[in-house]
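Accompanying notes for the structure given below.
The values are calculated or read from the model by the stated rules, or taken from the named source; none is laboratory data. All values derive from a computational prediction rather than experimental measurement. Every residue, glycine as well, gets a Cβ built from its backbone with ideal geometry; the counts of neighbours run over all protein chains shown. Accessible surface is based on the protein model in full, side chains and every heavy atom, while ligands, DNA and RNA are left aside. Shrake-Rupley method; radii C 1.70, N 1.55, O 1.52, S 1.80 Å.
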Amino acid sequence: MVFSVIAQKDNAAKKELTTKAIKQARKEAKKFNKDGFHAAYGALPLDKQLENAWLKQLAKDEEGLPQYIVETGNSVAETQTAAKIQATETAKLNIAGSITTQIAALIENNIANQQLNNQEAASVTKTIAASKNMIAQELGRTLMLVEIYKKIGKNVECDIRLAYDYKNAKEIAKKVMRQELEKQTNILQDKLDKLMDIK
């Protein structure tokens, strides 16, 4: 009996999530179509891409936290391929920036608790701020959610939306930041372990 009630609640939550995603996707698809964007040839239709993107963006893990980091990238270039590459790199940098900001905030809280001196604290802050590009390079395969194009004169505009699993991104960011902190600072290993002990 109890399992039946829990299953019904899960199904209702999934249905609500799907309904909300579809509604947002249709609204956004109308806007993009009105602005002259079209899906890449051979790709899913624009409304289906956006629906999938909204489902990923609204998905939660077991703890009720976002399951994916979803970011966008936009670029204008002379060719579709160049625009796609630039937009994809921009989206990856945005993912890295998002996770870096979140990890940095957690580390900042730990700095006060670990009794680092001013020089160590400044060094940690500087190293973390500089790690965004390295994190972007370490991100493996991202999920391409939306890939749309628009002709602008002789150029092509590309809008990309990527997703990356939050837990994986967090682990990559912690690993990269730890490596950089080991290289760039003179913090003792036990202090570094405590500093990087973030959940």
TODO: Please indicate, with yes or no, whether at least one residue in the stretch 144-164 is of a type in the set (G, A, S), modelled with pLDDT under 75 and open to solvent by 10 Å² or more (accessible area, probe 1.4 Å).
DONE: no
TODO: Determine whether E180 is over 21 Å from I85 (Cβ atoms) and either charged (D, E, K, R) or assigned to a loop (DSSP other than H, G, I, E, B) (or both).
DONE: yes
Open item on the list: Being free of Cβ contacts under 8 Å to residues at least 60 places away in the same chain and among the basic types (K, R): is that true of K126 here?
Closed with: yes
Open item on the list: Looking at the structure I just gave you, is I111 assigned to a helix (DSSP H, G or I), surrounded by 14 or more Cβ atoms within 10 Å (Cβ to Cβ) and at pLDDT below 75?
Closed with: yes
TODO: Provide a single number: the residues in the stretch 61-85 that are surrounded by fewer than 16 Cβ atoms within 10 Å (Cβ to Cβ) and basic (K, R).
DONE: 0
TODO: Name the residue, out of L58, L44, L93, L50, that is of a type outside the set (S, T, N, Q) and either touching a strand residue (DSSP E or B) at 6+ places or on another chain (Cβ under 6 Å) or in contact (Cβ under 8 Å) with a residue 60 or more places away in the chain (or both).
DONE: L50
Open item on the list: So in the stretch 183-199, with the set limited to residues that are surrounded by 13 or more Cβ atoms within 10 Å (Cβ to Cβ) and part of a helix (DSSP H, G or I), which one is modelled with the highest pLDDT?
Closed with: Q184
